[in-house]
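Read the structure below first, then the notes.
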Amino acid sequence: MSRFTVLVISSIYAVFLYPPASSSSSSSSSSSKLYVSAVTNHPSPIILRPPHAGSNRHTMFLPLFPSPINSSRTSGDAASRRHLQKSDAPRPNARMALHDDLLLNGYYTTRLWIGSPPQRFALIVDTGSTVTYVPCSSCEQCGKHQDPKFDLESSSTYKPVKCNIDCSCDNNREQCIYERQYAEMSSSSGVLGEDIVSFGNQSDLSPQRAVFGCENRETGDLYSQHADGIMGLGRGDLSIVDQLVEGGVISDSFSLCYGGMDVGGGAMVLGGISPPPDMVYSHSDPGRSQYYNVDLKELHVAGKRLPLNPSVFDGKHGTILDSGTTYAYLPEAAFVAFKLAIMKELHGVHQIKGPDPSYNDICFSGAGSDVLQLSKTFPSVEMVFGKGQKLLLSPENYLFRHSRVRGAYCLGIFQNGKDPTTLLGGIIVRNTFVMYDREHEKIGFWKTNCSDIWERLHVSGGPPQPSSPPDESNSTADVSPPLPPTIPAHYIPPGETEIGSITFYMSVSLNVTSQITELAPLIAQELHVNSSQVHLLNSTSEGDDYVTKWSITPPESADFMSNETASNIISRIAEGGVHLPESYGEYRLSNWNIYPPPKRSRRQKYYSVAVVVSMLALVVGLSGVGTWWFWRQKQQSNLQYKPVDSMVVPEQELQPL
């Protein structure tokens, strides 16, 4: 998404008091009904004002527009129900993979299955949104996204949320509706429905019934984005987290882990985990706002505290942590101090213009391309929370690659206009496991490698729960919950860290043979790789039906792909993440394989060494000859020759004897 300036816009809030149990129409208990309230033109909407962040880059900003104060889940009756549900008994959690790349796509997505039979969707994980929504099949104002739209007619377990006096209704007054407007002027609106939601086969959590939005209209970036919709993780009754917690299904916590620079992907957990002992915590005050805030007090650069009053991080909405925002934004005073401190510590690099001439990005060239070596050039940064706990940030947490100059990087932290709010986007927590412990009102940070987080972190939770017969007292099933499609938990065998290539077969119907050559850029786009990495190995045909074999290789500048990169590519191949234009008719991808980088024989190694030595000797020899030639020319230029006629000897007088 492009940079934007936030305008004051009115918002519409849909707030649920969502009970865990289904109820009959005759019930009079308030806890057995589904309430929806709409509040328009809220007198004090929350508006965050990040400045422009680069139109050449994908910048996502999806803030939460809060519910009315009286409808907060943390107050009154809702809070009492939650406290009654607390238990020391272990609860299952949903362990899910994250896909895409923060700076390449502007967001991270996870996979969710809705309906019976399950329909798959790629949803942006957003802690700043409270509604989970996907496009309806009937939507004529929705963009073309990664997966087919939700076909509610084909789901045997779908139920509309019927219109009542406590919700905004459609024109026919049959169904409750929702509307969400975002700061970059995109919007989503549609109807509210209820269906079975599945979390993937890595999840210990069985499928559950949940309320979600079925879009009838999208505008702005929501219309043009590749992802299907939003998975709202904010505080609010429509949030998928709140619904699972309210139903007593998971503990009141979830976690996110974003991959590092050039890696992408990551992990997500809905429910509690056993935190590592060296996790750094910050208090998060739910009473201050619906955002997930942290108690930031100081910033240190290269071990030196910035000369700032702690109150600078407490202006307006305080310090907000939002997974739906790409970059970080500081109040003016904090940004100026941070920028000067960074530039003071830099040596051996020089400042250059940013990738987009429209914006004054602060960029530096000469640091090299190895991310692991950036700490030798750029200083470390520390965020100090209340009680003195420090979170160490590496350069990848505040830098992004210059898209036009190799070995150049730009600051991914910007000034937040004149807004005193501090906004920390996803770049701050790359390769950081972030635990949103809502029950204990704190957020934990643990620096780690998110590419192999499951091996580094033991995820607690109960065993997988088998499907049980329907229970009339429980709303989770009118029918047995369907399981999501079976997917291998690990695509890459243990121990494989360097992948040389990935091959797969594609069977497709083509009208003309020339369409085969046009497949490469389409496949590259769907797999999020460069076109130069996609190679057609061979093809066979029978009439209009073709079977093609393809290979995905590392970028030209690399000898191999990382485990995480290969896993992301294979997951798209194996999980149906490649979508071709309708002109290609039916197609299917199958039989993928991975291959290690080619190993050179001893003879090849000796040959390479001999070539290098020969080239070096040739260079030295040519240099010697060139030096002698120049010396020779110089010596000759120093000799002065004169013609005979120019040798004039003056006459001399004879001297007397």
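The values are calculated or read from the model by the stated rules, or taken from the named source; none is laboratory data. Everything numeric in this text was worked out from a predicted model, so none of it was measured. Neighbour counts are summed over all protein chains in view; Cβ atoms, including those assigned to glycine, are modelled from backbone coordinates with ideal geometry.
Brief remarks follow.
- Within the stretch 399-415, being within 14 Å of Lys339 (Cβ to Cβ) and not in a strand (DSSP E or B) holds for one residue alone: Gly412.
- Val269, sole failed condition from (1) assigned by TED's automatic domain parsing to the domain that holds Arg111; (2) buried (at least 24 other Cβ atoms within 10 Å of the Cβ); (3) more than 18 Å from Phe121 (Cβ to Cβ): (1)
- Top-ranked residue of the stretch 508-521 - restricted to ones that are of a type outside the set (Gly, Ala, Ser) and touching a strand residue (DSSP E or B) at 6+ places or on another chain (Cβ under 9 Å), ranked as modelled with the lowest pLDDT: Thr513
- Pro355 being in contact (Cβ under 8 Å) with a residue 12 or more places away in the chain and within 30 Å of Arg406 (Cβ to Cβ): yes
- The lone exception for Asp195 - which of (1) assigned to a loop (DSSP other than H, G, I, E, B); (2) surrounded by 19 or more Cβ atoms within 10 Å (Cβ to Cβ); (3) acidic (Asp, Glu) it fails: (1)
- Cross-chain or 6+ apart pairs with Cβ under 7 Å, the stretch 317-334 first and over 16 Å from Tyr291 (Cα atoms), then of a type in the set (Phe, Trp, Tyr) and part of a strand (DSSP E or B): Tyr327/Phe414
- Within the option set Leu527, Leu510, being farther than 16 Å from Trp592 by Cα and not aromatic (Phe, Trp, Tyr) holds for one residue only, Leu510.
- Taking the conditions (1) touching a strand residue (DSSP E or B) at 6+ places or on another chain (Cβ under 7 Å); (2) in a loop (DSSP other than H, G, I, E, B); (3) at pLDDT 90 or above; (4) over 26 Å from Ile427 (Cβ atoms) in turn, Val131 satisfies each one other than (4).
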